[in-house]
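The values are calculated or read from the model by the stated rules, or taken from the named source; none is laboratory data. Note that the coordinates shown come from a computational prediction; the quantities given were computed from them, not determined experimentally. Neighbour counts are summed over all protein chains in view; Cβ atoms, including those assigned to glycine, are modelled from backbone coordinates with ideal geometry. SASA here: full protein model, heavy atoms, side chains in, ligands and nucleic acids out. Shrake-Rupley method; radii C 1.70, N 1.55, O 1.52, S 1.80 Å.
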Amino acid sequence: MMLRSALDEGVVGSGPAHVEVVDLTVRYGEVTALRPVSVTIEPGTALAVLGPNGAGKTSFANALSGVIRSEATAINIDGVDFRSYPSYARARLGVGHLPDARAIFPSLSVEENLKMGFHTDRSTSKANIAAAYELFPNLDRRKRVAAGKLSGGEQQMLALARLLVRPPKLLIADELSHGLAPGVVANLFKLLEGLKGRSTIIIVEQFVTRALALADTVLVLSHGDVMHQGEAASFSADQAAEFYSLQPARQS
Ligand SMILES: Nc1ncnc2c1ncn2[C@@H]1O[C@H](COP(=O)(O)OP(=O)(O)O)[C@@H](O)[C@H]1O
Ligand SMILES: [Mg+2]
């Protein structure tokens with residue numbers, strides 16, 4: 001079987017992923033949420049995916065982690081064809097998708113969760129766990145508490161802290177800052193900055209300026225269409241805002 005051979009042969013190496021997506025399309029019944037998108041992400045770089053509500057950002061993220069069905073000419077990760085792999089296999093091969101309720105183990109303590117690392121690898125780094133506690137002191141205070149007993153915000157911090165211990169090859173971060181206190185958002189971006197180079201990152205964010213500061217490349221979507229694609233350095237939050245104003249008026 002394809003998956004077994006990819007795992008056995010170690011075709012998908014360790015370290016940040018090279019990602020090649022060709023003509024990725026997402027449909028929900030009659031609704032086309034994402035028209036053919038092609039993007040290449042170099043290992044250890046970050047792609048910011050921007051656009052108004054309903055642009056297709058989450059559809060793009062979910063299609064790559066395999067939690068929804070999609071069509072594509074290619075979804076290659078380190079040259080391996082991922083299209084037929086279900087989401088759990090993609091996760092095993094190093095695709096970390098957050099927020100994801102499965103990202104933590106509720107019955108294990110905070111510290112045990114950190115020691116589990118991101119994959120099933122048992123080797124842990126004390127330094128990385130210490131770094132995680134430094135970034136999220138709440139977790140340090142509650143290290144013996146079962147993860148399932150933490151507040152929603154703390155569970156999210158724990159899922160993030162685990163990234164530091166065992167960085168995924170490809171981190172797909174969809175609106176990670178959503179619902180976090182401003183001080184925690186600042187730490188979140190510090191964490192992502194620290195992960196760059198160790199993980200390839202796809203970041204979907206409402207904080208456009210922060211996302212652009214982190215990103216190397218940018219993809220702007222609106223109504224499922226690619227509005228802009230290129231280097232993040234030559235793209236401004238003001239330009240992004242112009243695309244956001246294309247959003248149709250919504251009730252409320
Ligand atoms: N499960 C679904 N079933 C039907 N339509 C969906 C579903 N999920 C998203 N959509 C539609 O697809 C479009 C893109 O949604 P989404 O990818 O969530 O955009 P974004 O994350 O940019 O807000 C929207 O029009 C949305 O209503
Ligand atoms: Mg979304």
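Quick look at the numbers
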item	result
Semi-axis lengths, Å, the stretch 26-179, gyration tensor of Cα atoms, sqrt of 5 times eigenvalues	30, 17, 14
Distance between the stretch 205-219 and the stretch 132-150 - C-alpha centres, whole angstrom	28
Extension reserve of the Asp238-Glu20 stretch, reckoned as 0.36 nm per residue once the Cα distance is removed	75.6 nm
Axial C-alpha extent at least 24 Å, average Kyte-Doolittle at least 0.0 - helices from the chain (DSSP)	none
Carbon plus sulfur fraction of accessible area for the chain, probe 1.4 Å, in percent	51
Average accessible surface area per residue within the chain, 1.4 Å rolling probe, Å²	48
Where labels lie 7 Å past Cα in the beta-carbon direction, separation of Glu175 and Thr209 in nm	2.2
Per-residue SASA entry for Phe243, accessible area with 1.4 Å probe, Å² rounded to 10	40
For Asp23, solvent-accessible area (1.4 Å; no DNA, RNA or ligand), Å²	70
log10 of Debye I(q)/I(0), alpha-carbon scatterers only, for the stretch 156-237 at 0.16, 0.19, 0.22 Å⁻¹	-0.63, -0.87, -1.11
Estimated [θ] at 222 nm from DSSP helical runs (n ≥ 4, -39500 (n - 2.57)) normalised by residues in the chain, nearest 500	-10000 deg cm²/dmol
Amide H within-cut-off set for Ser109, under 5 Å, with H built and near neighbours excluded	Ala147
Gyration tensor verdict on the stretch 93-224 (Cα atoms; rounded if a/c is under 1.5, prolate if a/b is larger than b/c, oblate otherwise)	prolate
Spin-label pair Ile68/Ser245, simplified geometry with 7 Å Cα→Cβ offset, distance in nm	2.8
Ser151/Arg102 FRET efficiency (R0 22 Å; Cβ-Cβ; nearest 0.05)	0.75
Spin-label pair Asn53/Val31, simplified geometry with 7 Å Cα→Cβ offset, distance in nm	1.3
Area accessible to solvent at Asp140, 1.4 Å probe radius, in Å²	60
